Structure formats: C-alpha cells, structure tokens
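In what follows, a single structure is set out as structure tokens and then discussed.
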Amino acid sequence: MRLILLGFLIILLGFALVIAGSITSPTAGFGGVVLIGPFPIFFGEGPSNYAGDFVILGIVLTVIAVGFYLLNIILLRSFRR
C-alpha cells in the first residue's frame, strides 16, 4: 500500500513540475519516447531541439528491453531442464 501511495505522489510531483515549467516559460517545447515492444516512437514539438536526447534515450531503453527479453528466455530454458 505504501508503494502505491509513493508512486501516486511521484506522479503528482511530476504533474506539478510540468505545470510550474509551463507557467514560467510558456514557449517551452515538449517531447517523449513511447516503447511499443522493442520499437521506440519519438515525438516532440517546440523551439528546443530534444531529438538527439530522445533518440539516445530510445536506444538505451530498447537495449534494456531486448536484454530483459533475452534474460527471460535464458532463465526459462534453464528452469525447464
């Protein structure tokens, strides 16, 4: 129960930071990475160029996702023996 509350508070803190950032700098851009399986999808808009940062983040997250997938396969094969 405490972890759920902690997660909820972290999400609220993130919302508060986004709102505070948009109030202090109305010309700020936005961007993000969505992982669907091991495929990263990048999006963004604004005067700031976040493309390079998000491409690197997408590559890192893809490598981590594929690593977990391969680790899962290796562990399943070792338990079947």
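Working only within the range 28-47, note down all residues that are surrounded by 10 or more Cβ atoms within 10 Å (Cβ to Cβ) and more than 30 Å from F68 (Cα to Cα).
A28, G29, G46
Is it the case that V63 is under 24 Å from V18 (Cα atoms) and modelled with pLDDT of 75 or more?
No, not satisfied.
Within the range 16-27, count every residue that is surrounded by fewer than 10 Cβ atoms within 10 Å (Cβ to Cβ), outside any loop (DSSP other than H, G, I, E, B) and of a type outside the set (A, V, I, L, M).
The total comes to 1.
So which residues in the range 56-81 are closer than 15 Å to P40 by Cβ and either outside any helix (DSSP H, G or I) or in contact (Cβ under 8 Å) with a residue 12 or more places away in the chain (or both)?
Result: L57, G58, I59, L61, T62, A65, V66, Y69.
Is it the case, given these coordinates, that L3 is of a type in the set (A, V, I, L, M) and surrounded by 11 or more Cβ atoms within 10 Å (Cβ to Cβ)?
No: the conditions fail for L3.
The values are calculated or read from the model by the stated rules, or taken from the named source; none is laboratory data. A quick note: this is a predicted structure, and the numbers were derived from the prediction, not measured. Cβ atoms come from the backbone with ideal geometry, glycine included; neighbour counts cover every protein chain shown.
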